[in-house]
């Protein structure tokens, strides 16, 4: 079975189509939701709700379009909404830069470098968590889902300029947070 067949089965009321989609996209969807919520249980709940929503909304889905971007957009949006409703968010003040992130990711050569890399990864996670849910979402879309600003704008219904502004604000905040950690 392929994705189109799975969607057609779902449209015909056959739940086996959903099973195919869950197997194919669940891990990536949970990772995406976790990167935004930083709570595995919450991320799993968000993804489960998104699969249920996809099952209910599949009749209106245009099967000539790929399922993954449509589904992942719902995961990102649901994750952001969940965090905005949650008291778990930290106020935004600063953000990060892809050059710093790329440089930090290259530090894995020796055992010492690996230990340093773990510390750097923890610093990145801590800094990401201090972003607003929407800023975390654009960082996840850009660097984890590898979406362009245009794709992000189309999927969210926002202007490309808004996406660029959010991404820039997130990078600036991460840059400041990481600089504070390296100075301290």
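Length available on full extension from residue 16 to residue 81: 0.36 nm per residue minus the Cα-Cα distance, which gives 20.5 nm.
The ranking of 152, 82 from fewest to most other beta carbons within 10 Å of each one's beta carbon is 82, 152.
Projecting label points 7 angstrom from Cα along Cα→Cβ for residue 143 and residue 180 puts them 1.7 nm apart. Could you state the number of Å between the C-alpha centres of segment 136-184 and segment 21-60? Computed from Cα coordinates, the inter-centre distance equals 21 Å. Residues 132, 148, ranked from the fewest to the most other C-beta atoms within 10 Å, line up as 148, 132.
Annotation: peptides 66-74, 30-38, ranked by per-residue average of other Cβ atoms within 10 Å with the highest first, follow the order 30-38, 66-74. Extension gain for residue 165-residue 64 works out to 33.2 nm (0.36 nm per residue, less the C-alpha to C-alpha distance).
Note the full-extension length gain between residue 154 and residue 26 as 0.36 nm times their separation in residues minus their Cα-Cα distance, in nm to one decimal. Mind dumping the intermediate values first?
Numbers: separation 128, 0.36 × 128 = 46.08 nm, distance 2.28 nm.
Result: 43.8 nm gained on full extension.
Using C-alpha pairs under 8 Å with a sequence gap of at least 6, the mean separation divided by the residue count of segment 3-85 gives a relative contact order of 33 percent.
Readers should treat all values here as calculations from the given coordinates under stated rules, not as data from a laboratory. All values reported here derive from a predicted model rather than from experimental measurement. Note that we place each Cβ from the backbone using ideal geometry, even for glycine, and neighbour counts take in every protein chain shown.
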